[in-house]
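J.: Got a structure for you, questions after.
Where a number appears in this text, it was derived from the coordinates with a stated rule and is not lab data. Being a predicted model, the structure only gives us computed values, none of them experimental. Cβ placement follows ideal geometry from the backbone for every residue including glycine, while neighbour counts extend to all protein chains displayed.
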Amino acid sequence: MADLTRRQREVLALAANGNTNAAIAAWLGITPNSVAEILTVAYRRLGAADRAQAVAIALAVGELGIDQIHIPQAAA
């Protein structure tokens with residue numbers, strides 16, 4: 001299992017927090033297609049089939065820290 005690049009970790013952390021590819025692209029000033037490509041390579045490096053599994057694996061192997069995941073506030 002290869003290490004993720006800084007950019008792959010950054011995009012995966014944004015995805016882990018519920019952001020869509022379009023929202024991530026807007027934040028980073030890249031295209032949604034570029035976000036999808038970055039995530040696809042990250043999934044492959046992690047051996048993950050999808051976004052949820054990639055986040056779980058990244059947390060388990062230390063590519064993402066639990067402090068990077070923000071729990072949404074419940075609506076009042």
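J.: Averaging the inverse of every distinct alpha carbon separation and then flipping it gives the Kirkwood radius. What is it for the chain, in angstrom units?
T.: So the Kirkwood estimate lands at 12.5 Å.
J.: If I model a spin label as a point 7 Å beyond the Cα along the Cα-Cβ vector, how far apart are those points for residue 5 and residue 51 in nm?
T.: Rounded to a tenth, the inter-label distance reads 2.1 nm.
J.: Can you compute the modelled spin-label distance between residue 37 and residue 60, with each label point 7 Å from Cα toward Cβ, in nm?
T.: Those two pseudo-labels are separated by 3.0 nm.
J.: Also: Relative contact order (percent) for the chain, with alpha-carbon contacts under 8 angstrom and 6 or more residues of separation? All intermediate terms of the calculation are to be shown ahead of the outcome.
T.: On the way: 67 pairs, mean separation 26.5, N = 76.
With pairs under 8 Å counted, the relative contact order is 35 percent.
J.: Once fully extended, how much extra length lies between residue 70 and residue 26, figured as 0.36 nm per residue of separation less the alpha-carbon to alpha-carbon distance?
T.: Going from the current span to full extension adds 13.9 nm.
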